[in-house]
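Accompanying notes for the structure given below.
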Amino acid sequence: MKRVRYDYETFVKDLKQLADSIPDSFNAIVAIARGGMTMAHLLGEYWNIRNVFVINSIGYEETRKLEKTKVFNIPDLLPCDDILIVDDIADSGETIKAVLDTLKARYPDKRFKTATLFFKPNKSIVRPDYWLKEVDDEWIDFFWSDDLKALT
């Protein structure tokens, strides 16, 4: 598997390109923690959306894949109608699917769309509504996972 370093400067340029390619407007953003948190923060600032929330999911414990993805920390989306769910990558798609299923069950009258920077079309069970780059066998080393650790 090829490893690709994804730095902050590339992220900002890519996120701007992704944001500008999304034709819909939203009144809330839900970040899938942890990969979607930086995206949600910057998109909230860019689009002037104050309803920025975080939802958590766990699909692995260490390197062991869980039978079912756990979804928790479900935000109160009652005052919102059009919600964008963001994550860094749709790899297997299981996390996005679990989050979407959970939110749609809790809020059946809301409109949900998904956006990722990266999408693995040959692997993901979910096709995001919006994505910027398709990857195949790459492992993305995101700056938010590595940069602070590199300083120690």
Review point. Rounded to a whole number, what is D in µm²/s for the chain from Stokes-Einstein with the Kirkwood radius over alpha-carbon pairs (20 °C, 1.002 mPa s)?
Key: 135 µm²/s
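In segment 9-152, what percentage of the DSSP-assigned beta bridges are antiparallel, given to the nearest 5?
Values: 5 of 26 bridges.
Given both bridge residues lie in segment 9-152, the antiparallel proportion sits at roughly 20 percent.
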Review point. Hey, what D do you get for segment 69-152 in µm²/s if you plug the Kirkwood alpha-carbon radius into Stokes-Einstein at 20 °C and 1.002 mPa s?
Key: 151 µm²/s
Exercise for review: From zero up to wherever the largest Cα-Cα distance of segment 46-97 sits, split into 5 Å bins and tell me the percent of pairs in each.
Suggested key: 4, 14, 25, 23, 16, 10, 6, 3
Exercise for review: Give 13/133; 13/113; 70/110; 16/133; 16/70 a once-over and call out the pairs whose C-alpha atoms are over 19 Å from each other.
Suggested key: 13/113; 70/110; 16/70
Check your understanding: If you average 1/r over every pair of different alpha-carbon atoms in segment 105-144 and take one over that average, what Kirkwood value in Å do you get?
Key -> 12.0 Å
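Every read-out reported here was derived from the displayed coordinates using simple, explicitly stated rules and does not represent laboratory data. All values reported here derive from a predicted model rather than from experimental measurement.
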